[in-house]
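Comments concern the structure below.
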Amino acid sequence: MPYDPQPQASHFVNGAYVEDTAGTPFDVIYPATDEVIATLHEATSAIIEQAISSAKAAQKAWGAMSGTERGRILRRAADIIRERNHDLSVLETKDTGKPYSETFYVDATSGADALEYFGGLAGSLTGEHIQLGDDWVYTRREPLGLCVGIGAWNYPTQIACWKGAPALACGNAMVFKPSETTPLSALKVAEILHEAGLPAGLYNVIQGAGTVGAALVSDARVDKVSLTGSVPTGRKVYAAAAADIKHVTMELGGKSPLIIFDDADLENAVGGAILANFYSSGQVCSNGTRVFVQKGIKEAFLKRLAERLETAVIGDPLDEATNFGPMVSRRQMEIVQGYIAKGQEEGARLVTGGERLDGDGFYLQPTVFADVSDDMTIAREEIFGPVMAVLDFETEEEVVARANETEFGLSAGVFTRDLSRGHRVIGQMEAGSCFINSYNDAPVEAPFGGSKLSGVGRENSKAAIEHYSQLKSVYVRMGNVEAPF
Ligand code: NAD
């Protein structure tokens, strides 16, 4: 059969596409045109049951395989993803509205990186030997069992792989529920994993909104839940998982500070602030949306920023020249428009942008507010759109305190030519994923995740292994047992 770049049904369960038209239908919208590109069905309880029971049945044999054998399948899947990067990137662009000039370089390829990295690591997962005189303890690194992954809509392929790759490498099965806003690409990840040799049932994808996610999280057969989403959803999922003391990873929202000192290289600082606010039209959890600029460089920074934003190519996301696309949905666009209005009402100075573009697509201009104060709504709440808030500061001590004055703790960045100051400031940031003279890099080799309300656990890197496996320690006595009676 020729390769079909579209998913063939709503769900992928037990090694095959499945449809159950009894599930509530929902449309997938192309954000650039507001057109319906697919209609899927939410998972019924029958589909949820098939997904959980087939995953549970497949996991034992998978967990008993050698890590090298498991890893080979993951690495093969990574190769297939890279071969099909064009088709997968087009699908991701249609699903999310993100420009092809981004999806081609970042989305499927970062998924492939995760499969390759954890595939490579799988064969080296071991316990340890602890000598205690003549006796000894050894530890076994064992799978957790059945993991549930729940995704947000901004990086659908990446999230499906960032959760699936370490889970599978450690010998677990996964049931993954993508966001109902962007449900398509995770199905292709499942299809490709099975084409690469993954036994049926080990990576199932089922569709639906929060109710389907909640049904998965509350199922007693599930051992671990990894969520990428907002803080309110995180609270609900964490609480539901607590009922059975399930393991959790929470990758939640942020309102991260980006601190620019007077001595920073201006072009790099402006470039960093652009990457920290306007990539994926601002729909990135780790974005540095509170940009603290030291007074001496402020006007030069704003001038250069406005000049560079003028050169953004906003338009058809499938056109390779476009580098700024629409919001993922009408709802998200309206939420962001509400924040732009709030910024103006509360007295922030609109430097550039602020408007919706004409047409049916959900396009908003890249928007910059200056003279923002710490108590304004746009400086406190996660907007998840292309809205940068520029705040002034004078001293290092002051900016460190203000930067940490938030309930979130996902990321933080600093631009300065003084490297001691760079390390000193980052050392004091209450955040999990930080940057010095850079912003928003997320290589698979580095731990990614937040502190405070931004989450628990880490994705990527060797650290993720701790969150998808558990240790069993075995005490071995070589001599006689001495009991008191
Ligand atoms: P969301 O919280 O609305 O939804 C996330 C997922 O949870 C969706 O799949 C949704 O269907 C599901 N869900 C909703 N209610 C549920 C429930 N009660 N039980 C189980 N599942 C439920 O988030 P979103 O709008 O899709 O994504 C945007 C948010 O995600 C932002 O806050 C952003 O910061 C965050 N995010 C975080 C990261 C990270 O790695 N830290 C990455 C991307 C996005």
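The values are calculated or read from the model by the stated rules, or taken from the named source; none is laboratory data. Everything numeric in this text was worked out from a predicted model, so none of it was measured. When we count neighbours, we look across all protein chains shown, and the Cβ atoms used for this are built from the backbone with ideal geometry, even at glycine. The protein model used for the area step is the full one, side chains on, heavy atoms only, and it has no ligands, DNA or RNA in it. Shrake-Rupley method; radii C 1.70, N 1.55, O 1.52, S 1.80 Å.
Per-residue counts of other Cβ atoms within 10 Å, averaged by peptide: what ranking do you get for 165-173, 191-199, 88-96, highest first?
Packing proxy ranking, top to bottom: 165-173, 88-96, 191-199.
What percentage of the solvent-accessible surface of the chain, computed with a 1.4 Å probe over protein heavy atoms, is contributed by carbon and sulfur atoms?
That fraction is 51 percent.
Residue 407 versus residue 142, label points 7 Å from Cα toward the beta carbon: distance in nm?
Going by the 7 Å Cα→Cβ label model, 3.9 nm.
Whole angstrom only: what separates the Cα centroid of segment 414-485 from the Cα centroid of segment 40-65?
Spelled out, the Cα-based centre of one part sits 30 Å from the other.
Can you list residues from other chains, or at least 5 along the same chain, whose modelled amide H is less than 5 Å from the amide H of residue 29?
Distant-sequence amide H within range of residue 29: 37.
Can you give me the angle between helix 67-83 and the longest principal axis of the chain, using Cα atoms only, in degrees from 0 to 90, rounded to the nearest 10?
Approximately 40 degrees, to the nearest ten.
With the dipole of the chain worked out from charges on the C-beta (+1 for Lys and Arg, -1 for Asp and Glu) around the Cα centre, which of 160, 172, 415 lies farthest toward the positive end?
About the Cα centre, the residue reaching furthest to the positive side is 172.
Using only Cα atoms, locate the centre of segment 177-254 and the centre of segment 349-392, then give the distance between them in Å, rounded to an integer.
If we compute the Cα centre of each part, the gap is 31 Å.
Output the Kirkwood hydrodynamic radius of segment 332-451, Cα pairs only, in Å rounded to one decimal.
Here the Kirkwood hydrodynamic radius works out to 16.0 Å.
In degrees from 0 to 90, rounded to the nearest 10, what is the angle of the helix 45-64 Cα long axis to the longest principal axis of the chain?
60
Can you compute 3J(HN,Hα) from phi for each residue in segment 25-30, using the Karplus curve 6.51 cos²θ - 1.76 cosθ + 1.60 with θ = phi - 60°, rounded to whole Hz and x for Gly and Pro?
In residue order, the calculated couplings are x, 9, 8, 9, 10, 7 Hz.
Based on Cβ point charges of +1 for Lys and Arg and -1 for Asp and Glu, what charge dipole magnitude is obtained for the chain about its Cα centre, in debye rounded to the nearest 20?
1320
Compute the whole-percent fraction of alpha carbon pairs in the chain spaced more than 42 Å apart.
Within the chain, distances greater than 42 Å cover 19 percent of Cα pairs.
Using a probe radius of 1.4 Å on heavy atoms only, what accessible surface per residue do you get for segment 9-86? Whole Å² is fine.
46
Starting from the Kirkwood radius over alpha-carbon pairs of segment 1-93, derive D by Stokes-Einstein at 25 °C in a medium of 0.890 mPa s and give it in µm² s⁻¹.
154
What pairs in 188/236; 163/472; 188/255; 56/188; 98/255; 60/224 have C-alpha atoms more than 27 Å from each other?
Distance filter (> 27 Å) returns 188/236; 188/255.
Pop out the ³J(HN,Hα) list for segment 286-295 in order, Karplus 6.51 cos²θ - 1.76 cosθ + 1.60 with θ = phi - 60°, rounded to Hz; leave Gly and Pro as x.
Each residue's phi maps through the Karplus curve to give 8, 3, x, 8, 9, 9, 8, 10, 5, 3 Hz.
Probe radius 1.4 Å, ligands and nucleic acids left out: which of 218, 451 has the largest accessible area, and how do the rest follow?
Output order, biggest surface exposure first: 218, 451.
So for segment 72-133, what are the equivalent ellipsoid semi-axes in whole Å, largest first, each being the square root of 5 times an eigenvalue of the Cα gyration tensor?
The three semi-axes for segment 72-133 are 36, 12, 7 Å.
Taking a probe of 1.4 Å, how large is the accessible area per residue of segment 136-188, in Å²?
16
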